[in-house]
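Reading through the structure tokens given below for one structure.
No lab work stands behind these numbers, since they all come straight from the coordinates. Keep in mind that this is a model prediction, so the values were computed, not measured. FYI the Cβ positions are ideal-geometry reconstructions off the backbone, even for glycines, and counts take in every protein chain you see.
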Amino acid sequence: MEPSFILALFQHGYKVRTSTLYHLLKGKRTSSVLLYGFLYENLRFFQLFPLLSEKQFNNILEELVKQESLRLVSDGEVQITGKGMQVVLQEDDYFSSIDNYHFGKTDEMIWRLLQFTVQVVSNLSYTNKNYVPLEQSPLYQKQVKMYIKSMPKVQLIETVKNEWTQIFSHLTKDEANFFAQQFSGYQQIGKTSFQVMDEQDNAFKQMLQKKEKLHHLLETICLMPDASFLKKLVLPLVKQNENKSMSETSSYLKTQHSIEELARQRRVKISTIKDHLMELALTKDFPFERFISQKTEECLLEYPKPYQDWTYRSVKQTNPELDYFEFRLYQIQKLREERESNQ
């Protein structure tokens with residue numbers, strides 16, 4: 001791992017706890033870790049390094065402090081320095097398309113499924129059955145067979161061809177070439193991802209570049225119309241990145257049940273439902289007004305920005321009856337509105 005990458009995760013400029021960032025990179029799925037990721041715009045790096053050791057992470061931080069790129073604010077808290085910000089600004093690539101929170105758990109599986117589908121459809125278009133399939137696993141074989149049978153052969157071939165043409169038109173030329181060179185098909189053997197990458201880049205940078213391109217591809221597919229063949233193919237695997245229990249809570253949001261009623265029907269604790277709702281509020285369309293009381297809104301309306309600096313403990317000192325759950329939802333809502341208006 002390169003220290004410059006870790007340093008870039010502090011470019012938001014706020015003083016933050018390093019232990020929470022470590023848990024985010026490892027993939028610890030708690031409401032506090034996910035909220036941290038959202039507040040400081042690092043949620044997309046969730047579980048990017050599941051094998052990262054705490055010692056390795058702390059060694060990198062210590063080195064960045066020695067270089068005066070980070071400064072220790074208090075025990076366990078650091079903040080980027082002006083020198084550190086200059087280092088970050090010199091970097092050409094911030095890997096802005098990486099979204100490990102939404103795709104990281106199954107991105108490689110999806111890419112293999114897409115490659116296999118292209119191989120099968122390509123050989124089908126030439127009525128060729130004499131080839132070695134890229135995948136032998138029932139996981140891929142069953143999926144592809146099911147979707148191939150969903151429409152007539154001629155329509156399938158034309159649909160897949162048109163959809164890939166549409167997808168490539170939304171990618172950069174570099175991204176399109178990266179994926180196209182890896183496709184196998186009739187009388188064509190695709191290259192591996194590392195064969196089409198710059199050999200001068202180290203393994204760490206190659207891994208991040210591959211993630212960036214792949215996640216942009218998956219985002220592009222997910223933005224296609226719901227009836228799209230390739231979207232229907234990959235969506236079940238994309239959904240596996242979601243917390244299953246949280247997804248069940250999400251379906252209950254379509255009703256008008258109270259949090260207490262949701263907990264009773266789900267047979268879980270009220271605190272669990274609140275954690276699910278907070279996670280849903282981070283990235284999904286969310287009915288904030290349903291869970292934030294007018295009293296909480298009035299309490300927080302005049303509280304000074306930036307929202308990232310808000311702490312429940314300090315606000316509660318002047319408003320003892322403030323509810324933690326509503327406080328966090330209001331904070332998330334205002335930050336989402338602010339970011340959407342700045343896009």
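If you keep only loop residues by DSSP, which chymotrypsin sites (Phe, Trp or Tyr not before Pro) in region 12-81 have at most 15 other Cβ atoms within 10 Å of their Cβ?
The qualifying sites are TYR14.
Which whole-angstrom value gives the distance between the alpha carbon centres of region 163-198 and region 217-237?
Computed from Cα coordinates, the inter-centre distance equals 17 Å.
Using a 7 Å offset from Cα along Cα-Cβ at SER293, what residues in region 303-330 end up with backbone N under 15 Å from the label point?
Only 316, 319-330 pass the distance filter.
Using only Cα atoms and rounding to the nearest 10 degrees, what angle (0 to 90) does helix 153-170 make with the longest principal axis of the chain?
Value to nearest ten degrees: 50.
Take a quick pass over region 64-158 and tell me how many lysine pairs come in under 21 angstrom between Cα atoms, counting only ones 8 or more apart or on separate chains.
Lysine pairs meeting the criterion: 8.
If you build the convex hull over the alpha carbons only and average its shadow over all orientations, what do you get for the chain? Give it in nm² to one decimal.
21.0
Within region 1-102, which GluC sites (Glu not before Pro) sit in a loop by DSSP and count at most 14 neighbouring Cβ atoms inside 10 Å?
Passing both the DSSP loop test and the Cβ count: GLU41, GLU68, GLU91.
What FRET efficiency do you get for LYS191 and MET109 if R0 is 22 Å and r is their Cβ-Cβ distance, rounded to the nearest 0.05?
According to the calculation, E is roughly 0.65.
Over every pair of different alpha-carbon atoms in region 1-159, take the mean of 1/r and invert it; report that Kirkwood radius in Å.
After inverting the pairwise mean of 1/r, the radius is 18.7 Å.
Kindly list the residues of region 179-199 that lie in the label zone of VAL132, defined by a backbone N under 16 Å from the point 7 Å along the Cα-to-C-beta vector.
Output list for this probe position: 184-192.
Sorted from largest down, give the three principal axis spans of the alpha carbons of region 82-152, whole angstrom values.
62, 23, 22
Quick one: what are the phi-derived ³J(HN,Hα) couplings along region 322-327, Karplus 6.51/-1.76/1.60 with θ = phi - 60°, whole Hz, x for glycine and proline?
Going residue by residue, I get 5, 7, 4, 4, 5, 4 Hz, with x marking Gly and Pro.
I'd like the trypsin sites (Lys or Arg not before Pro) in region 146-177 restricted to DSSP loop residues with at most 16 other Cβ atoms within 10 Å, sorted by number.
Sites meeting the loop and neighbour criteria: LYS149.
What ranking of LEU25, LEU89, LEU52 emerges when the number of other C-beta atoms within 10 Å of each C-beta is taken as an exposure proxy, fewest first?
Going from sparsest to densest Cβ surroundings: LEU89, LEU52, LEU25.
If the only charges are +1 at each Lys and Arg Cβ and -1 at each Asp and Glu Cβ, what is the size of the charge dipole of the chain around the Cα centre, to the nearest 20 debye?
That gives a dipole near 1340 debye.
Quick one: helix 203-222 against the long Cα principal axis of the chain, what's the angle to the nearest 10°, folded into 0 to 90?
So the inclination is approximately 80 degrees.
If you take the beta carbon distance between ASP75 and GLN265 as r and set R0 to 45 Å, what does 1/(1 + (r/R0)^6) give as a FRET efficiency, to the nearest 0.05?
Between ASP75 and GLN265 the formula returns 0.55.
Going out from 0 in 10 Å bins, what whole percent of all Cα-Cα distances in region 107-239 drops into each bin?
Calculated P(r), rounded to whole percents: 11, 44, 36, 9, 1.
So which lysines pass the test for LYS173, namely a Cα distance under 23 Å, with those fewer than 8 places away in the same chain ruled out?
LYS161, LYS191, LYS205, LYS210, LYS211, LYS213, LYS231
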